[in-house]
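First the structure, in the form of structure tokens, and then the observations on it.
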Amino acid sequence: MVRKDLRRVILLSFVGLLAGFPMVNCAPAHAASDHFTNRDLLDFPKSERDAYLTGSILSIGHTLSLFHSKKMGQCFTDWFLEQPNTRLEEIEQAMKENPDHGPSTVLLGLPQLKCGRLLPENK
């Protein structure tokens, strides 16, 4: 079961990467910028934002599965795939509330509300 789910994550991550590739080509100045912010991403057309966000969250889940914890990676992926339209709305709302932060801040932060912390608190 886990192997099948991991294959699904890999496949969907690859599809998300392919879907997001045209978006990068449409906005190379943004993609190459050291200061790419949520505000920049929100300026993209909806289809490009959705491709970017979907590919990013699935890639994060896959990377977590490989290098951090399979359970955490699966949780991140499940968090998104259980309600993708709702999750896209939640992500975009958080980006609107934090326009000067980078997209990775939101993409790493929101799933942790369900999945738990990635790193222990500094004490």
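The values are calculated or read from the model by the stated rules, or taken from the named source; none is laboratory data. It should be emphasised that the depicted structure is a prediction, and the values quoted were computed from it without experimental measurement. A quick note on method: Cβ atoms are made from the backbone with ideal geometry, for glycine too, and the neighbour counts reach across all protein chains shown.
Taking the range 95-105 as the range and being in contact (Cβ under 8 Å) with a residue 12 or more places away in the chain and over 13 Å from the mean Cα position of the chain (by Cα) as the test, the residues that pass are 96, 98, 99, 100, 101.
Taking the range 41-92 as the range and being small (Gly, Ala, Ser) and without any contact (Cβ under 8 Å) to a residue 60 or more places away in the chain as the test, the residues that pass are 47, 51, 55, 56, 59, 61, 65, 69. Only residues that are surrounded by 15 or more Cβ atoms within 10 Å (Cβ to Cβ) and without any contact (Cβ under 8 Å) to a residue 40 or more places away in the chain were counted across the range 106-123, and they come to 2. Right, residue 78: charged (D, E, K, R), closer than 19 Å to residue 98 by Cβ and either modelled with pLDDT under 95 or touching an Asp or Glu at 6+ places or on another chain (Cβ under 9 Å) (or both) or not? No.
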